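The values are calculated or read from the model by the stated rules, or taken from the named source; none is laboratory data. Owing to the predicted nature of the structure, the values given are computational and were not obtained by experimental measurement. Counting neighbours? That spans all protein chains shown, and the Cβs are built from the backbone with ideal geometry, glycine included.
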Amino acid sequence: MTRTVTSLDDLDLEIAVAYIALGVARSAEAHCPSAENARLVEEARASVDALLDERLATAA
């Protein structure tokens with residue numbers, strides 16, 4: 001995934017939105033455990049992790 005982030009504020013916003021999406025995916029999995037929901041949780045977690053890694057690299 002490639003994208004252009006114009007500022008740290010934009011990156012922080014993306015992190016916040018990705019974290020909310022992770023919460024939604026976890027809630028869906030808690031209410032209806034399935035392979036599909038587990039996959040969605042893992043994808044959302046990976047997205048948050050990638051954004052946090054990018055944020056840490058940018059801050060350095």
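Restricting attention to the stretch 13-30, which residues are touching a helix residue (DSSP H, G or I) at 6+ places or on another chain (Cβ under 7 Å) and either modelled with pLDDT under 95 or small (Gly, Ala, Ser) (or both)?
So in the stretch 13-30, the residues touching a helix residue (DSSP H, G or I) at 6+ places or on another chain (Cβ under 7 Å) come out as 14-15, 18-19, 21-22, 25-26, 28-29.
Selection gives Ala18, Ala21, Ala25, Ala28.
Let me confirm something: among Leu40, Leu56, which residue is part of a helix (DSSP H, G or I), free of Cβ contacts under 8 Å to residues at least 40 places away in the same chain and within 13 Å of the chain's Cα centre (by Cα)? On inspection, the qualifying residue turns out to be Leu40.
Which one of these is exposed (fewer than 12 other Cβ atoms within 10 Å of the Cβ) and either among the small types (Gly, Ala, Ser) or modelled with pLDDT under 95 (or both): Asp53, Asp9? Residue meeting the stated conditions: Asp9. Residues that are within 15 Å of Asp12 (Cβ to Cβ) and surrounded by 16 or more Cβ atoms within 10 Å (Cβ to Cβ) within the stretch 38-50 comprise Ser47, Val48, listed in sequence order.
Of all residues in the stretch 25-37, which are assigned to a helix (DSSP H, G or I) and loosely packed, with under 13 Cβ neighbours inside 10 Å?
To start, the set of residues in the stretch 25-37 that are assigned to a helix (DSSP H, G or I) comprises 25-31, 35-37.
Matches in the stretch 25-37: Ser27, Ala30, His31, Ala35, Glu36.
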